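Novice: Here it is: the structure, laid out below.
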Ligand code: E4P
């Protein structure tokens, strides 16, 4: 399983990229709004940092296929690594089909069922994004959905990649990897949590103390 970072914060993206652990970025309208900056400007900065797929979503207020196609073309024109993120609706599927036919990569987002994932894949989605944490929030096991989609795509030789999204903690990451997600898109906080272990910190402290006791600073 590969990692994308799920943020529009350029500093966090730079830190994760410098560590060599991510190979792509996903953004969404809420994440862009959180930064309070111009969409194109942020995306261009991200593209200058990460050499990999960058998902930029069509405007949250655009609900018709025609509008999504128009915006999708604009997003794709920002940089060759752009992936157009489209909501999982019937209009979204129409837009996915059209953009795919133009050779533009798509990420169908807000997927909460296996049937939605199957439809998105058949419409030509490069990526499908099932939301793990938001399902957990309503008492439905989000990771089970990842497993079902992975099994279904495997049986039918479907090439759309599964991005496990709405990842809230390090256990989600392990469970999604075991369930067959191709990619997990994770907030920077989860990367930090994955990195940390109290025994690693204790080990470093002891090595430092032992070293200093004999050799000094
Ligand atoms: C997916 O690409 C979304 O940006 C994201 O993972 C949503 O996560 P949230 O449910 O924590 O907002």
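Novice: Taking the criterion of being part of a loop (DSSP other than H, G, I, E, B) and in contact with a strand residue (DSSP E or B) (Cβ under 9 Å, 6 or more places away or on another chain), would at least one residue in the stretch 6-20 satisfy it?
Specialist: yes
Novice: I've got another one for you. Here are some residues: 146, 155, 183, 167. Which one is within 19 Å of residue 118 (Cα to Cα) and within 11 Å of the ligand (Cβ to nearest atom)?
Specialist: 183
Novice: Here is a further query. Only residues that are surrounded by fewer than 20 Cβ atoms within 10 Å (Cβ to Cβ) and within 16 Å of the chain's Cα centre (by Cα): list them for the stretch 111-130, please.
Specialist: 112
Novice: Select, from 133, 103, 147, the only residue that is surrounded by fewer than 19 Cβ atoms within 10 Å (Cβ to Cβ) and free of Cβ contacts under 8 Å to residues at least 24 places away in the same chain.
Specialist: Only one candidate qualifies: 103.
Novice: Continuing with this model, one more query. Run residue 1 past the list (1) touching a residue at least 24 places away in the same chain (Cβ under 8 Å); (2) within 16 Å of the ligand (Cβ to nearest atom); (3) farther than 20 Å from residue 117 by Cα; (4) surrounded by fewer than 18 Cβ atoms within 10 Å (Cβ to Cβ) and report the number of the one that doesn't hold.
Specialist: Condition not satisfied by residue 1: (3).
Conditions (1) assigned to a helix (DSSP H, G or I); (2) modelled with pLDDT under 95; (3) out of contact with any helix residue (DSSP H, G or I) (no Cβ under 8 Å at 6 or more places or on another chain), marked per residue:
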{"site": "44", "(1), (2), (3)": "yes, no, no"}
{"site": "70", "(1), (2), (3)": "yes, no, yes"}
{"site": "77", "(1), (2), (3)": "yes, no, yes"}
{"site": "107", "(1), (2), (3)": "no, no, yes"}
{"site": "120", "(1), (2), (3)": "yes, no, no"}
{"site": "134", "(1), (2), (3)": "yes, no, no"}
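Novice: Does the stretch 166-214 hold any residues that are part of a helix (DSSP H, G or I) and buried (at least 19 other Cβ atoms within 10 Å of the Cβ), and which are they?
Specialist: 172, 173, 175, 176, 179, 190, 191 - these are the residues of the stretch 166-214 that are part of a helix (DSSP H, G or I) and buried (at least 19 other Cβ atoms within 10 Å of the Cβ).
Novice: Moving on. Looking only at the stretch 23-42, how many residues end up being in contact with a helix residue (DSSP H, G or I) (Cβ under 8 Å, 6 or more places away or on another chain) and more than 21 Å from residue 125 (Cα to Cα)?
Specialist: Result for the stretch 23-42: 5.
Novice: If I ask for residues that are more than 16 Å from residue 85 (Cβ to Cβ) and either within 16 Å of the ligand (Cβ to nearest atom) or touching a strand residue (DSSP E or B) at 6+ places or on another chain (Cβ under 9 Å) (or both), which ones from the stretch 36-52 would you list?
Specialist: Within the stretch 36-52, just 49 meets the criteria.
Novice: Let me spell it out: the conditions are (1) touching a residue at least 40 places away in the same chain (Cβ under 8 Å); (2) in a strand (DSSP E or B); (3) more than 17 Å from residue 180 (Cα to Cα), and residue 86 meets all of them except one. Which number is the exception?
Specialist: So the condition that residue 86 fails would be (1).
Novice: Filter the stretch 59-91 down to residues that are crowded, with 20+ Cβ neighbours inside 10 Å and within 13 Å of the ligand (Cβ to nearest atom) and give me whichever is nearest to residue 20 (Cα to Cα).
Specialist: Per the stated criteria, the residue is 83.
The values are calculated or read from the model by the stated rules, or taken from the named source; none is laboratory data. Because the structure is predicted, anything quoted here is derived from the model rather than measured. When we count neighbours, we look across all protein chains shown, and the Cβ atoms used for this are built from the backbone with ideal geometry, even at glycine.
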